Amino acid sequence: MVAPRVSAALLRRQGAGYGPLALMYHAVERMRGTPRWRWSVSLERFRQHLDLLQEAGYRTLRVADLDGSVDQCGPCVLITFDDGYADNYAAFQELSRRGMVGTWFVVTRAIGGHADWLEDQGERRALLTAEQLREMAAAGMEVGAHGRRHLRLAALPPEELRSEVRGSREDLENLLSRPVTSFAYPYGSHDDAAVAAVSEAGYTAACTVRPGWIRPDGRQPLALPRLEIGPGVGSGELARMLTLGTSDGSWLALGRYFGRRLTARFTGR
Ligand SMILES: [Zn+2]
(Lines give C-alpha, C1' and ligand atoms only; values in the text may rest on other atoms or scores of the structure.)
Protein backbone atom coordinates (compact mmCIF):
# COMPACT_ATOMS: atom_id res chain seq x y z
CA MET A 1 0.00 0.00 0.00
CA VAL A 2 2.13 2.85 -1.30
CA ALA A 3 -0.51 5.59 -1.43
CA PRO A 4 -1.29 5.73 2.32
CA ARG A 5 2.44 5.76 3.09
CA VAL A 6 3.04 8.66 0.71
CA SER A 7 0.05 10.48 2.20
CA ALA A 8 1.32 9.90 5.72
CA ALA A 9 4.82 11.08 4.75
CA LEU A 10 3.35 14.21 3.20
CA LEU A 11 1.37 14.87 6.36
CA ARG A 12 4.36 14.33 8.62
CA ARG A 13 6.19 17.02 6.66
CA GLN A 14 3.34 19.54 6.53
CA GLY A 15 0.76 18.66 9.09
CA ALA A 16 1.87 20.43 12.24
CA GLY A 17 2.25 23.81 10.56
CA TYR A 18 -0.61 25.98 11.69
CA GLY A 19 -2.66 24.52 14.51
CA PRO A 20 -5.22 21.79 15.04
CA LEU A 21 -7.87 20.90 12.50
CA ALA A 22 -11.33 19.56 13.23
CA LEU A 23 -12.99 16.98 10.98
CA MET A 24 -16.78 16.78 10.72
CA TYR A 25 -18.45 13.43 10.17
CA HIS A 26 -22.15 12.56 10.25
CA ALA A 27 -23.28 8.97 9.50
CA VAL A 28 -20.72 6.12 9.36
CA GLU A 29 -22.28 3.22 7.48
CA ARG A 30 -21.28 -0.42 7.64
CA MET A 31 -21.39 -1.17 3.90
CA ARG A 32 -19.33 -1.95 0.83
CA GLY A 33 -18.59 0.85 -1.62
CA THR A 34 -19.45 4.53 -1.30
CA PRO A 35 -22.63 5.62 0.50
CA ARG A 36 -25.17 7.47 -1.60
CA TRP A 37 -26.13 9.95 1.14
CA ARG A 38 -23.87 13.01 1.07
CA TRP A 39 -23.52 13.01 4.87
CA SER A 40 -22.22 9.44 5.16
CA VAL A 41 -18.88 7.69 4.97
CA SER A 42 -18.43 3.93 5.03
CA LEU A 43 -16.98 2.39 8.18
CA GLU A 44 -14.21 0.95 6.03
CA ARG A 45 -13.26 4.42 4.83
CA PHE A 46 -13.44 5.80 8.37
CA ARG A 47 -10.97 3.10 9.46
CA GLN A 48 -8.62 4.11 6.60
CA HIS A 49 -8.77 7.71 7.81
CA LEU A 50 -7.76 6.60 11.30
CA ASP A 51 -4.94 4.46 9.84
CA LEU A 52 -3.62 7.54 8.05
CA LEU A 53 -3.80 9.73 11.15
CA GLN A 54 -2.00 7.13 13.23
CA GLU A 55 0.67 6.53 10.60
CA ALA A 56 1.31 10.28 10.34
CA GLY A 57 1.68 10.55 14.12
CA TYR A 58 -1.46 12.59 14.81
CA ARG A 59 -2.93 12.85 18.28
CA THR A 60 -6.68 13.21 18.77
CA LEU A 61 -8.23 15.86 21.01
CA ARG A 62 -11.79 16.42 22.15
CA VAL A 63 -13.30 19.85 21.53
CA ALA A 64 -13.31 20.41 25.31
CA ASP A 65 -9.52 19.88 25.31
CA LEU A 66 -9.00 23.10 23.30
CA ASP A 67 -7.54 25.82 25.43
CA GLY A 68 -4.59 28.19 25.19
CA SER A 69 -2.10 25.30 25.07
CA VAL A 70 -3.12 23.70 21.78
CA ASP A 71 0.00 25.02 20.05
CA GLN A 72 1.95 22.54 22.19
CA CYS A 73 0.05 19.56 20.86
CA GLY A 74 2.10 18.86 17.70
CA PRO A 75 0.09 17.41 14.84
CA CYS A 76 -3.36 16.91 16.27
CA VAL A 77 -6.87 16.58 15.01
CA LEU A 78 -10.38 16.78 16.46
CA ILE A 79 -12.72 14.09 15.19
CA THR A 80 -16.32 15.30 15.50
CA PHE A 81 -19.67 13.72 14.65
CA ASP A 82 -22.86 15.73 14.25
CA ASP A 83 -26.41 14.57 15.01
CA GLY A 84 -25.51 11.33 16.85
CA TYR A 85 -26.56 8.68 14.32
CA ALA A 86 -26.97 5.18 15.74
CA ASP A 87 -24.38 3.83 13.27
CA ASN A 88 -21.75 5.99 15.00
CA TYR A 89 -21.54 3.41 17.77
CA ALA A 90 -19.20 1.35 15.57
CA ALA A 91 -17.05 4.46 14.98
CA PHE A 92 -16.87 4.95 18.74
CA GLN A 93 -15.68 1.36 19.18
CA GLU A 94 -13.09 1.85 16.45
CA LEU A 95 -11.69 5.00 18.11
CA SER A 96 -11.76 3.39 21.51
CA ARG A 97 -9.85 0.32 20.31
CA ARG A 98 -7.07 2.58 19.01
CA GLY A 99 -6.87 4.79 22.10
CA MET A 100 -8.24 7.74 20.15
CA VAL A 101 -10.98 10.17 21.20
CA GLY A 102 -13.82 12.00 19.46
CA THR A 103 -16.63 14.45 20.13
CA TRP A 104 -20.32 13.77 19.41
CA PHE A 105 -22.84 16.59 19.03
CA VAL A 106 -26.32 15.27 19.74
CA VAL A 107 -29.85 16.61 19.37
CA THR A 108 -31.13 16.22 22.90
CA ARG A 109 -34.90 15.85 22.33
CA ALA A 110 -34.29 13.19 19.67
CA ILE A 111 -31.89 10.92 21.60
CA GLY A 112 -32.85 7.28 21.11
CA GLY A 113 -35.36 8.24 18.41
CA HIS A 114 -34.82 9.11 14.79
CA ALA A 115 -33.69 12.22 12.90
CA ASP A 116 -37.07 13.81 12.09
CA TRP A 117 -35.35 16.84 10.50
CA LEU A 118 -34.34 14.54 7.61
CA GLU A 119 -37.89 13.47 6.79
CA ASP A 120 -38.28 16.06 4.03
CA GLN A 121 -35.25 14.46 2.33
CA GLY A 122 -36.94 11.06 2.53
CA GLU A 123 -34.33 9.80 5.03
CA ARG A 124 -35.16 7.89 8.17
CA ARG A 125 -32.13 7.44 10.40
CA ALA A 126 -31.97 6.13 13.95
CA LEU A 127 -30.05 7.97 16.67
CA LEU A 128 -27.80 6.84 19.52
CA THR A 129 -29.58 6.01 22.77
CA ALA A 130 -29.07 7.62 26.18
CA GLU A 131 -27.41 4.43 27.41
CA GLN A 132 -24.94 4.41 24.51
CA LEU A 133 -24.07 8.08 25.07
CA ARG A 134 -23.42 7.41 28.76
CA GLU A 135 -21.16 4.50 27.83
CA MET A 136 -19.27 6.63 25.30
CA ALA A 137 -18.79 9.48 27.80
CA ALA A 138 -17.59 7.02 30.44
CA ALA A 139 -15.05 5.68 27.89
CA GLY A 140 -13.50 9.14 27.49
CA MET A 141 -15.45 10.45 24.49
CA GLU A 142 -16.96 13.91 24.64
CA VAL A 143 -20.69 14.41 24.16
CA GLY A 144 -21.65 17.98 23.28
CA ALA A 145 -24.93 19.66 22.40
CA HIS A 146 -26.42 20.29 18.95
CA GLY A 147 -29.67 21.95 20.06
CA ARG A 148 -32.88 20.32 21.20
CA ARG A 149 -34.59 19.97 17.82
CA HIS A 150 -31.92 20.62 15.18
CA LEU A 151 -33.19 24.09 14.25
CA ARG A 152 -31.32 26.79 12.34
CA LEU A 153 -30.31 29.26 15.05
CA ALA A 154 -29.79 32.37 12.91
CA ALA A 155 -32.80 34.70 13.30
CA LEU A 156 -34.55 32.36 15.75
CA PRO A 157 -36.83 34.22 18.24
CA PRO A 158 -35.00 34.81 21.59
CA GLU A 159 -37.09 32.38 23.66
CA GLU A 160 -36.62 29.53 21.18
CA LEU A 161 -32.94 30.33 20.81
CA ARG A 162 -32.49 30.10 24.55
CA SER A 163 -34.38 26.81 24.70
CA GLU A 164 -32.28 25.30 21.92
CA VAL A 165 -28.93 26.45 23.29
CA ARG A 166 -29.25 26.51 27.07
CA GLY A 167 -31.96 23.85 27.12
CA SER A 168 -29.90 21.31 25.21
CA ARG A 169 -27.02 21.83 27.63
CA GLU A 170 -29.34 21.22 30.60
CA ASP A 171 -30.85 18.11 28.96
CA LEU A 172 -27.43 16.65 28.33
CA GLU A 173 -25.99 17.47 31.75
CA ASN A 174 -29.00 15.75 33.36
CA LEU A 175 -28.51 12.75 31.11
CA LEU A 176 -24.75 12.37 31.57
CA SER A 177 -24.27 13.82 35.06
CA ARG A 178 -21.21 15.72 33.87
CA PRO A 179 -20.49 19.25 32.60
CA VAL A 180 -21.22 19.91 28.93
CA THR A 181 -19.09 22.70 27.48
CA SER A 182 -19.13 22.23 23.69
CA PHE A 183 -21.82 23.06 21.14
CA ALA A 184 -22.18 22.67 17.37
CA TYR A 185 -24.52 24.96 15.41
CA PRO A 186 -27.09 22.90 13.44
CA TYR A 187 -26.48 23.46 9.69
CA GLY A 188 -23.61 25.72 10.81
CA SER A 189 -26.28 28.41 11.11
CA HIS A 190 -25.30 31.18 13.53
CA ASP A 191 -25.49 34.94 13.88
CA ASP A 192 -24.35 37.34 16.63
CA ALA A 193 -27.41 36.51 18.77
CA ALA A 194 -26.72 32.77 18.51
CA VAL A 195 -23.06 33.20 19.48
CA ALA A 196 -24.13 35.39 22.43
CA ALA A 197 -26.68 32.75 23.51
CA VAL A 198 -23.98 30.06 23.37
CA SER A 199 -21.67 32.20 25.48
CA GLU A 200 -24.41 33.06 28.01
CA ALA A 201 -25.36 29.39 28.35
CA GLY A 202 -21.82 28.71 29.57
CA TYR A 203 -20.32 26.85 26.61
CA THR A 204 -16.61 27.41 26.11
CA ALA A 205 -16.38 26.08 22.53
CA ALA A 206 -18.72 25.96 19.54
CA CYS A 207 -18.22 24.47 16.08
CA THR A 208 -19.28 25.86 12.72
CA VAL A 209 -19.07 24.20 9.31
CA ARG A 210 -16.64 26.74 7.85
CA PRO A 211 -13.31 25.21 6.81
CA GLY A 212 -9.94 26.34 8.14
CA TRP A 213 -7.34 25.95 10.89
CA ILE A 214 -8.23 26.34 14.54
CA ARG A 215 -6.23 29.26 15.88
CA PRO A 216 -3.59 27.95 18.26
CA ASP A 217 -3.89 31.13 20.35
CA GLY A 218 -7.37 30.01 21.41
CA ARG A 219 -9.17 33.00 19.85
CA GLN A 220 -12.67 32.64 18.36
CA PRO A 221 -13.55 29.53 20.40
CA LEU A 222 -17.27 30.03 19.71
CA ALA A 223 -16.82 29.88 15.92
CA LEU A 224 -14.43 26.98 15.42
CA PRO A 225 -13.85 25.87 11.82
CA ARG A 226 -14.19 22.25 10.69
CA LEU A 227 -13.48 20.31 7.51
CA GLU A 228 -16.45 18.40 6.11
CA ILE A 229 -15.75 14.77 5.26
CA GLY A 230 -17.94 13.61 2.37
CA PRO A 231 -18.58 10.02 1.22
CA GLY A 232 -15.87 10.05 -1.46
CA VAL A 233 -12.96 11.30 0.69
CA GLY A 234 -10.23 8.64 0.64
CA SER A 235 -7.00 8.70 2.65
CA GLY A 236 -5.07 10.56 -0.05
CA GLU A 237 -7.66 13.30 -0.25
CA LEU A 238 -7.85 13.51 3.55
CA ALA A 239 -4.06 13.94 3.68
CA ARG A 240 -4.30 16.82 1.21
CA MET A 241 -7.17 18.40 3.18
CA LEU A 242 -5.09 18.20 6.37
CA THR A 243 -2.08 19.66 4.57
CA LEU A 244 -4.07 22.58 3.19
CA GLY A 245 -6.57 23.11 5.99
CA THR A 246 -9.43 23.20 3.49
CA SER A 247 -12.36 20.98 2.52
CA ASP A 248 -10.98 20.91 -1.04
CA GLY A 249 -8.44 18.09 -1.04
CA SER A 250 -8.09 17.89 -4.81
CA TRP A 251 -4.68 17.57 -6.46
CA LEU A 252 -5.36 20.92 -8.13
CA ALA A 253 -5.75 22.61 -4.73
CA LEU A 254 -2.49 21.02 -3.55
CA GLY A 255 -0.72 22.17 -6.73
CA ARG A 256 -1.93 25.74 -6.20
CA TYR A 257 -0.73 25.65 -2.59
CA PHE A 258 2.81 24.56 -3.50
CA GLY A 259 2.77 27.03 -6.40
CA ARG A 260 2.06 29.86 -3.95
CA ARG A 261 4.79 28.65 -1.60
CA LEU A 262 7.34 28.54 -4.43
CA THR A 263 6.34 32.02 -5.57
CA ALA A 264 6.67 33.28 -2.00
CA ARG A 265 10.14 31.75 -1.74
CA PHE A 266 11.39 33.47 -4.91
CA THR A 267 9.73 36.83 -4.38
CA GLY A 268 10.28 36.95 -0.62
CA ARG A 269 6.54 37.45 0.01
ZN1 LIG B 1 -26.66 18.52 12.44
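The values are calculated or read from the model by the stated rules, or taken from the named source; none is laboratory data. It should be emphasised that the depicted structure is a prediction, and the values quoted were computed from it without experimental measurement. Here Cβ is always computed from backbone atoms with ideal geometry, including for glycine, and neighbour counts include all displayed protein chains. Ligands, DNA and RNA are excluded from the accessible area calculation, which covers all protein heavy atoms including side chains. Shrake-Rupley method; radii C 1.70, N 1.55, O 1.52, S 1.80 Å.
So that you can scan it fast, the table gives a plain yes or no per residue for (1) within 23 Å of Tyr89 (Cβ to Cβ); (2) of a type in the set (A, V, I, L, M):
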| residue | (1), (2) |
| --- | --- |
| Ala139 | yes, yes |
| Ala145 | yes, yes |
| Ala154 | no, yes |
| Ser163 | no, no |
| Ser168 | yes, no |
| Ser182 | yes, no |
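Going through region 196-217 one residue at a time, which ones are over 13 Å from Ala184 (Cα atoms) and without any contact (Cβ under 8 Å) to a residue 24 or more places away in the chain?
Ala196
If a residue must be in contact with a helix residue (DSSP H, G or I) (Cβ under 7 Å, 6 or more places away or on another chain) and not in a loop (DSSP other than H, G, I, E, B), how many such residues does region 196-229 contain?
Counting residues in region 196-229 that are in contact with a helix residue (DSSP H, G or I) (Cβ under 7 Å, 6 or more places away or on another chain) and not in a loop (DSSP other than H, G, I, E, B) gives 6.
Where residues in region 142-169 are in a helix (DSSP H, G or I) and in contact (Cβ under 8 Å) with a residue 40 or more places away in the chain, which of them is farthest from Thr181 (Cα to Cα)? Break it down into steps so the answer makes sense when it comes.
In the first step, residues of region 142-169 are kept if they are in a helix (DSSP H, G or I); the result is 158-169.
Subset that is in contact (Cβ under 8 Å) with a residue 40 or more places away in the chain: 167-168.
Numbers: Gly167: 13, Ser168: 11 Å.
Restricting to residues being in a helix (DSSP H, G or I) and in contact (Cβ under 8 Å) with a residue 40 or more places away in the chain, the top hit is Gly167.
Among the candidates Thr263, Thr243, single out the residue that is in contact (Cβ under 8 Å) with a residue 60 or more places away in the chain and in a helix (DSSP H, G or I).
On inspection, the qualifying residue turns out to be Thr243.
Restricting region 170-192 to residues that are open to solvent by 50 Å² or more (accessible area, probe 1.4 Å) and outside any loop (DSSP other than H, G, I, E, B), which is nearest to the ligand (Cβ to nearest atom)?
Top of the filtered list is Tyr187.
Can Arg109 be described as over 20 Å from Phe183 (Cβ atoms), among the charged types (D, E, K, R) and in contact (Cβ under 8 Å) with a residue 40 or more places away in the chain? Quick ask: steps written out before the conclusion?
On the way: over 20 Å from Phe183 (Cβ atoms): no; among the charged types (D, E, K, R): yes; in contact (Cβ under 8 Å) with a residue 40 or more places away in the chain: yes.
For Arg109, the condition - over 20 Å from Phe183 (Cβ atoms), among the charged types (D, E, K, R) and in contact (Cβ under 8 Å) with a residue 40 or more places away in the chain - is not met.
Considering region 62-87 alone, what residues qualify as being farther than 17 Å from Ala184 by Cα and at pLDDT 95 or above?
Hits for region 62-87 are Ala86, Asp87.
To keep it simple, each residue is scored yes or no on (1) open to solvent by 50 Å² or more (accessible area, probe 1.4 Å); (2) outside any helix (DSSP H, G or I); (3) within 16 Å of the ligand (Cβ to nearest atom).
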| residue | (1), (2), (3) |
| --- | --- |
| Arg45 | yes, no, no |
| His49 | no, no, no |
| Leu52 | no, no, no |
| Val77 | no, yes, no |
| Phe81 | no, yes, yes |
| Glu94 | no, no, no |
| Met100 | no, yes, no |
| Phe105 | no, yes, yes |
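Quick test of your reading of the structure: Ala126 fulfils all but one of (1) within 18 Å of the chain's Cα centre (by Cα); (2) at pLDDT 95 or above. Name the failing condition by number.
(1)
Among all residue pairs at least 6 apart or on different chains, which show Cβ distances below 7 Å where the first residue, located in region 129-141, is without any contact (Cβ under 8 Å) to a residue 24 or more places away in the chain and the second is surrounded by 19 or more Cβ atoms within 10 Å (Cβ to Cβ) and not aliphatic (A, V, I, L, M)?
none
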